[in-house]
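Single-structure report; data block below.
What follows draws every value from the coordinates through simple rules; no lab data is involved. Quick caveat, the model's predicted, so the values are computed rather than measured. Cβ placement follows ideal geometry from the backbone for every residue including glycine, while neighbour counts extend to all protein chains displayed.
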Amino acid sequence: MSGGTGSGVGAVAPAKINLALRVGARRDDGFHPLNTLFHAVDLLERVTVRPSAGPADAVEVRGRDARAVPLDRSNLVLRAAELLRDRAARREFSPVEFLIDKAIPVAGGLAGGSADGAAALVALNELWGLGLSRERLIALAGELGSDVPFALHGGTAVGHGRGELLSPVAAGGTLHWVLLTDPRGVSTPEAFQMFDELRAGAGPASPPPIPGELLDAVRSGDPWAVGAGLVNDLEPAVFAFRPELEELVARARLAGACGAVVSGSGPTVACLAPDSAAADVLADELRSVHTAGDVLRASGPAAGAAGA
Ligand code: C5P
């Protein structure tokens, strides 16, 4: 950050894994109705915001995949500032500059951009003294993107609608993950478009339900039962772009994962381990198999966006 005035306000927000992603037919507004089971993990984005001496809002990005992050209006931290000025009817709020410290891969299916948007809402609420409640911030977050409300909510939650309508689920224990990232991201709109093409008008309009066995498994915290229930209706679409990921999911299971699934629109493959020590062993094992990208450790459920 350069040229700013005053001290900054920071916030962090977590990545998400979809333990279940059930997808219905494309709606008239272009979105797909979902039944999804979101799970936040402790891979955290950090956003710091402070008043700027410059003429307009600005953003600087450091960390993982920093060069792949857009600096224009499509960046969700800039849209968060616009949204809050608009909703607070305070256009006079002076320009701000953001620093994003990235830990979540870009276009990885882990909602990294959404985490930035959620952290920006929390930090701006504090910087500008808006006093908006978490519930109000979560409602506003849905205007930034389908996954932004969950990045504020955190924990484990069922998502309906296009993913923005949340019902909390009380998770029974910590889940230990190995995340296989890939530097070649998959675009979310393209994954949904491929889903439409593969279905070719067939299939139910409403999304299938989240399996009851999976919800029970999450509540009881049994990793083997959770692993057996992981499901993602977008996988065939993601595999159409990236056939090697299907093999990677199978290899993770063979290497001792309780289950493995593409997260969201991919390409990150989330592998669930029986416990923390087993996750370290699994990560070591998968490093020799997965050389195309990184092998990261994470655990959840993690808290939603908060000041830090
Ligand atoms: O809401 P968000 O901006 O993250 O969505 C990005 C794109 O992903 C949408 O424009 C749409 O193409 C696709 N999408 C979808 N159905 C959803 C969520 C996202 O088709 N439920």
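The table that follows gives values for the structure above.
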read-out: Protection proxy ranking, peptides 198-209, 37-48, average beta carbon neighbours within 10 Å, highest first; value: 37-48, 198-209
read-out: Length added when fully stretched, LEU165-SER276, from 0.36 nm per residue minus Cα-Cα; value: 36.8 nm
read-out: Ordering of 227-236, 241-250 by burial proxy (mean other Cβ atoms within 10 Å per residue, highest first); value: 227-236, 241-250
read-out: Summed side-chain charge close to LEU198 - residues other than LEU198 whose Cβ falls under 11 Å, Lys, Arg +1, Asp, Glu -1; value: -3
read-out: Relative exposure of ILE17, ILE100, ILE210, judged by other C-beta atoms within 10 Å (fewest first); value: ILE210, ILE100, ILE17
read-out: Three-way shape label, the chain, alpha-carbon gyration tensor, a/c 1.5; value: prolate
read-out: Neighbourhood charge, 9 Å Cβ-Cβ cut-off, centred on PRO14 and excluding it, Lys, Arg +1 and Asp, Glu -1; value: -1
read-out: Linear extension gain, ALA88 paired with ALA139, 0.36 nm per residue minus alpha-carbon span; value: 17.0 nm
read-out: Which of GLU97, GLU82, GLU60 has the fewest Cβ neighbours within 10 Å, and the rest in rising order; value: GLU82, GLU60, GLU97
read-out: Pairwise FRET efficiency - GLU60 versus ARG287, Cβ, R0 = 45 Å, nearest 0.05; value: 0.90
read-out: Inter-probe distance in nm under a simple model that places probes 7 Å from Cα toward Cβ, at GLN193 and THR174; value: 4.2 nm
read-out: Rounded to the nearest 20 debye, dipole of the chain from Cβ charges on Lys, Arg, Asp, Glu; value: 500 debye
read-out: Centre separation in Å (Cα based) which lies between region 89-105 and region 242-308; value: 31 Å
read-out: Highest-MSF residue in the chain out of ASP182, ASP86, ASP101 [GNM, Cα springs under 10 Å]; value: ASP86
read-out: Within a Gaussian network of the chain (alpha carbon springs, distance under 10 Å), most fluctuating of PRO14, PRO105, PRO168; value: PRO168
read-out: Positive-end residue, the chain charge dipole about Cα centroid, Cβ charges, pick of VAL178, ALA40, ALA292; value: ALA40
